[in-house]
Amino acid sequence: MENKYITTLNAPAAIGPYSQAVLARGVLYVSGQIPLDPASGKLIEGIEKATHQVMQNLQAILKEAGMDFKNVVKSTIFLTNMDDFVQMNEVYASYLDPMNLPARETVQVSSLPKNVEVEISMIAYEN
């Protein structure tokens, strides 16, 4: 079974040698998304607005693969400041079904690409 490489113009293009997402044996591996507006190319700042943009980017990639947030089984969240956790968490949760929450970890890192505040990657499974 061949891998399927997922690409959409509704999410930022990869800024390095990677795919937006790869579907392999029914599992979708979505690369980390940063708060880059795909329409304008501008970085979105402020943890709440940035998290909304990241989630919208992830949603666009999931949609291109024929999935949505209900298919997500695992998220990894990177923050440059753990003091942003509560605000990020509120925005993140607003996109998810509270009865269908993925496994997750959130880690603080010293830096992220383009010096953004938040990056989120996901793993989703075809139903």
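Packing, taken as the mean count of other beta carbons within 10 Å per residue, orders the peptides 10-21, 90-101, 110-121 from highest to lowest as 110-121, 10-21, 90-101. Each residue of the chain gets 99 Å³ once the volume of the Cα convex hull is shared out per residue. Considering only 16, 103, 41, and ranking their Cα positions along the charge dipole of region 4-125 that arises from unit charges at the beta-carbon of Lys, Arg, Asp and Glu, the one farthest toward the positive end is 16. Mean residue ellipticity at 222 nm, helices only, the chain: -7000 deg cm²/dmol; runs of at least 4 DSSP H residues each add -39,500 (n - 2.57), and the sum is divided by the number of residues.
To the nearest 20 debye, what charge dipole does the chain have about its Cα centre, counting +1 at the Cβ of each Lys and Arg and -1 at the Cβ of each Asp and Glu?
340
Each reported figure results from applying straightforward, stated rules to the coordinates on display, with no laboratory input. As the structure is a prediction and not an experimental result, all values here were calculated from the model. Note that we place each Cβ from the backbone using ideal geometry, even for glycine, and neighbour counts take in every protein chain shown.
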